[in-house]
Amino acid sequence: MNARVETDVLNHLSNQHLDALEEETIFILREVAAAFERPALLFSGGKDSLVMLKCAEKAFGAGRIPYPLLMIDTGHNFPEVTDFRDLRAKELGADLIVRSVEDSMARGTVRLAHPGESRNVHQSVTLLEAIEEFRFDALIGGARRDEEKARAKERIFSHRDSFGQWQPKAQRPELWTLFNTRLAPGEHFRVFPISNWTELDVWQYIARENIALPSLYYAHQRDVVERKGLLVPITPLTPARDGETVESRTVRFRTVGDITCTCPVSSDAASADDIVLETLAADVSERGATRMDDKTSDASMEKRKKDGYF
């Protein structure tokens, strides 16, 4: 696509719908503040949580977000993301709570099958421990329905029982924006204000609002190997295997998470507008193109969510 065509596409691409999505998100964020006693906003420093944070600023005013930010750290997160997380929290004067999977391992509540096992799935244990520690009754997350099949059928206000588990067949319909906020002791809700956004909406909003992101969301050089149709980044946690060829490629991350299960994609996109154009042409979802943990089975995400995952 040449520069003239790209400019033409961007000029004719409407972003008027972003106002409606933003309005809905702000309404939900305010509804959580009104309906629950001890909510928290899950904040990883990734693009979706940064979009939610921007909407929260608009909902309550900069420096006046009425709930803390919570991060569950596997100890294997990209340093560019955790550094950016800390920077944004400091800029906002927000209360940032970080709980680590490594602490759960030290307590014996998380046990790895082997030292090289991904800690990503074990975040559920640490998250449930944080909920018990702080008695959170609502956690606001940045999941979207276009990401994955299990997330597509989850409600915006998603009930969790006293064990932190999700029962997909026991969800109340959310007609006319009437949300279920009824809780029994020990239960909580996961709330997803940007459920109705798509990856394209997120990037259009980032471009419109000029939201700063960690650098690895944009094109950069990185050593990778091809494995099972994915580009696996070469790090001390994910070294090349025998027989694999390491290549230096220009890549970016469509989503970021635990280093052990998050892969980049080939890309020359250096700005949010460039990524909008790439996303228009994409035919694989961001998780489908980047997440090794979703490749184990078609029901991987649903099983994790039933066990308490985000």
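The values are calculated or read from the model by the stated rules, or taken from the named source; none is laboratory data. Bear in mind that the values here come from a model prediction, so they are computed numbers and not experimental data. Note: ideal-geometry Cβ built from the backbone for every residue, glycine included; neighbour counts use all protein chains shown. Keep in mind that these areas ignore ligands, DNA and RNA; they rest on the heavy atoms of the full protein, side chains included. Shrake-Rupley method; radii C 1.70, N 1.55, O 1.52, S 1.80 Å.
With the structure loaded, tell me whether E147 is surrounded by 21 or more Cβ atoms within 10 Å (Cβ to Cβ) and either modelled with pLDDT under 95 or β-branched (V, I, T) (or both) or whether it fails that test. Even if it seems obvious, please write down each step before you answer.
Working: surrounded by 21 or more Cβ atoms within 10 Å (Cβ to Cβ): yes; either modelled with pLDDT under 95 or β-branched (V, I, T) (or both): yes.
For E147, the condition - surrounded by 21 or more Cβ atoms within 10 Å (Cβ to Cβ) and either modelled with pLDDT under 95 or β-branched (V, I, T) (or both) - is met.
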- Message: For segment 216-227, give me the residue count where each residue is under 16 Å from the mean Cα position of the chain (by Cα) and surrounded by fewer than 17 Cβ atoms within 10 Å (Cβ to Cβ).
- Response: 0
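Among the listed residues V251, V276, V265, V232, which satisfies the condition of being open to solvent by less than 50 Å² (accessible area, probe 1.4 Å), of a type in the set (A, V, I, L, M, F, W, C) and touching a Cys at 6+ places or on another chain (Cβ under 8 Å)? Before you say what the answer is, go through the steps one by one.
Details: V251 fails: touching a Cys at 6+ places or on another chain (Cβ under 8 Å); V276 fails: touching a Cys at 6+ places or on another chain (Cβ under 8 Å); V265 fails: touching a Cys at 6+ places or on another chain (Cβ under 8 Å).
Step by step, each of V251, V276, V265, V232 is checked, and only V232 is open to solvent by less than 50 Å² (accessible area, probe 1.4 Å), of a type in the set (A, V, I, L, M, F, W, C) and touching a Cys at 6+ places or on another chain (Cβ under 8 Å).
Would you say A281 is of a type in the set (A, V, I, L, M, F, W, C), open to solvent by 40 Å² or more (accessible area, probe 1.4 Å) and within 20 Å of G46 (Cα to Cα)? Give the steps one after another, and end with the answer.
Values: of a type in the set (A, V, I, L, M, F, W, C): yes; open to solvent by 40 Å² or more (accessible area, probe 1.4 Å): yes; within 20 Å of G46 (Cα to Cα): no.
Criteria not met by A281.
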- Message: Looking only at segment 243-260, count every residue that is in a strand (DSSP E or B) and of a type in the set (A, V, I, L, M, F, W, C) and tell me the total.
- Response: 1
- Note on the structure: With criteria (1) under 30 Å from C261 (Cα atoms); (2) not in a strand (DSSP E or B), I65 comes up short on (1)
- Looking at (1) in contact with a His (Cβ under 9 Å, 6 or more places away or on another chain); (2) open to solvent by less than 40 Å² (accessible area, probe 1.4 Å); (3) over 30 Å from Q171 (Cα atoms), which is the only condition I206 fails? (1)
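Just to check your reading of the model, which residue among E209, E154 is among the charged types (D, E, K, R) and modelled with pLDDT under 95?
Details: E209 fails: modelled with pLDDT under 95.
Selected residue: E154, the only one of E209, E154 that is among the charged types (D, E, K, R) and modelled with pLDDT under 95.
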- Item | Enumeration of residues in segment 69-113 that are within 17 Å of the chain's Cα centre (by Cα) and assigned to a loop (DSSP other than H, G, I, E, B) | T74, G75, H76, F78
- Note on the structure: Filtering segment 156-203 down to residues that are under 18 Å from S49 (Cα atoms), surrounded by fewer than 21 Cβ atoms within 10 Å (Cβ to Cβ) and free of Cβ contacts under 8 Å to residues at least 60 places away in the same chain yields T198
